[in-house]
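The values are calculated or read from the model by the stated rules, or taken from the named source; none is laboratory data. Keep in mind it's a predicted model, so treat the numbers as computed, not measured. Glycine gets a Cβ as well: all are built from the backbone with ideal geometry, and neighbour counts include every protein chain shown. We work out accessible area using only protein heavy atoms, side chains counted, and drop any ligands, DNA or RNA first. Shrake-Rupley method; radii C 1.70, N 1.55, O 1.52, S 1.80 Å.
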Amino acid sequence: MKSLKSVSLACAVLALSTASSHAQKWEHLADTPQMGWSTWNRFQGNISEDIIRGIADAMVESGLRDAGYTYINIDDCWHGERNADGFMQADPAKFPNGIAAVADYVHSRGLKLGIYSDAGTHTCGNMPGSLGHEYQDAIQYARWGVDYLKYDWCNTRDINPRGAYRLISDALWAAGRPIFLSMCEWGDSYPWRWASEVGHSWRTTPDIWCCFDSVRVFDGGAYSQFGVMQCIQFNDTLRRYAGPGYWNDPDMLEVGNGMSESEDRAHFTMWCMMASPLILGNDLRTMSEATRNIILNREMIAVDQDSLGVQGLHLCDRNGLQFWFKPLTCGRWAFTILNPTTTDITYELNWQDFNFTDEEVSRLGTGFDSTVYTVYNLWSHKAEGKTSLKNKTDRKVTVPGHDVVSWLLTPKAAKSRK
């Protein structure tokens, strides 16, 4: 009788031999940007089965699940050792009942489970990586009932990223369970140019840290972390590469981890404007009411999840402010004014200054000179009149430092200008 190890090797060889010459990925897992929660930003390696179960309960009880947050993702440092046949096992101290039992509990709460691995010999936390075990690991994740894989890029010397990510994508396909593939190589190999058939999202930036506007550098410049504004800056030029099925990912959310309420609001708003994945990173069990109100703003979430699937446009900068537009279904627009400075800025708004057509992606135009829009404030949740067809100052708006003003513009009537 063949050993389990021999059978596993044979399965892997068969999968490799039958893999398509083009990468195959599971479709319709990312028609809109993924939403969920991850262990890393708040807990890093200090994770456990009890934490995951507690977060699952909190997601349900807080209303986050019903607002669209689907995934609970276990990031780095869940790993134990590989067994005699090479299959990865969970750390028995952190996950005494194993990952399958955790998946069962998460699924029982109407949620999905994510897990983490790395294309190299070891993960960024020095746990066993997937190099040489790609098909075996994909089979194990499928057996456990995993729904999402974040695949990192540490310890990958002499490995080609295109080949490595295509390999794990094919392995997930061959394993037979739909699993979302979140690629995390920090944008170093420009994945937006080649990965739309491989992964469902790809990181465009270095790791985020809990700061609104600062870069943190380690090891003499070998490694850096970006603040919110740096992530926005790197991500906002890549909008033509994103759309239903594949998304630019400027990293997970730091809302509720220590920034001010205005900074958290701006952070969340801009991720929604950029059609970014909304992966929470705070402790949902102990979050403040202010944090809850930000991440549960369903009207802002709807901007992120709009089925048109267009990443927002950084149209221009004026008077120290950034002006962003995101086309939505039914002729609507999300319009956000971001104040990246620490000083409150007042701006006299003339809608006719913002007549443009999005030539790069959607081919849609604002047409403020021919269309009247109702104006709805996405944070105060109040109607604020309508736009004007006339070339005049419509209103004065004050945007606090490190904050936003964000409106939903809905077409009310169209007429020829006389």
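State yes or no: is Ile139 of a type in the set (A, V, I, L, M), farther than 22 Å from Thr205 by Cα and part of a helix (DSSP H, G or I)? In short, yes. Taking segment 329-365 as the range and being charged (D, E, K, R), part of a loop (DSSP other than H, G, I, E, B) and touching a residue at least 24 places away in the same chain (Cβ under 8 Å) as the test, the residues that pass are Arg332, Asp344, Asp358, Glu360.
Return yes or no: is Thr393 part of a loop (DSSP other than H, G, I, E, B) and among the polar types (S, T, N, Q)? Yes; evaluated as a whole, the condition is true for this residue.
When Asp104, Asp170, Asp158 are screened for being acidic (Asp, Glu), assigned to a loop (DSSP other than H, G, I, E, B) and open to solvent by 10 Å² or more (accessible area, probe 1.4 Å), only Asp158 passes.
When residues in segment 290-328 are screened for being among the aliphatic types (A, V, I, L, M) and either in a loop (DSSP other than H, G, I, E, B) or more than 21 Å from the chain's Cα centre (by Cα) (or both), 7 of them pass.
Please find, within segment 284-337, the residue that is nearest to Asp50 (Cα to Cα) out of those that are among the acidic types (Asp, Glu) and touching a helix residue (DSSP H, G or I) at 6+ places or on another chain (Cβ under 9 Å).
That would be Asp304.
When restricted to residues that are of a type outside the set (Gly, Ala, Ser) and touching a Phe, Trp or Tyr at 6+ places or on another chain (Cβ under 6 Å), segment 163-183 contains 4. When Thr374, Thr329, Thr357, Thr410 are screened for being of a type in the set (S, T, N, Q), farther than 21 Å from Gln311 by Cα and open to solvent by 20 Å² or more (accessible area, probe 1.4 Å), only Thr374 passes. Residues in segment 48-72 that are open to solvent by 10 Å² or more (accessible area, probe 1.4 Å) and either under 19 Å from Cys124 (Cβ atoms) or hydroxyl-bearing (Ser, Thr, Tyr) (or both): Ser48, Ser62, Thr70, Tyr71.
Residue check: is Asp369 modelled with pLDDT under 95 and among the acidic types (Asp, Glu)?
Here the answer is no, as Asp369 does not meet what is asked.
Assess whether Tyr148 counts as being touching a residue at least 40 places away in the same chain (Cβ under 8 Å) and among the aromatic types (Phe, Trp, Tyr). Criteria met by Tyr148. Quick check, is Thr336 over 24 Å from Ser276 (Cβ atoms) and either in contact with a strand residue (DSSP E or B) (Cβ under 8 Å, 6 or more places away or on another chain) or modelled with pLDDT under 95 (or both)? No.
Which one is farthest from Ala56 (Cα to Cα), of the residues in segment 294-323 that are without any contact (Cβ under 8 Å) to a residue 12 or more places away in the chain and surrounded by 13 or more Cβ atoms within 10 Å (Cβ to Cβ)? That would be Cys316.
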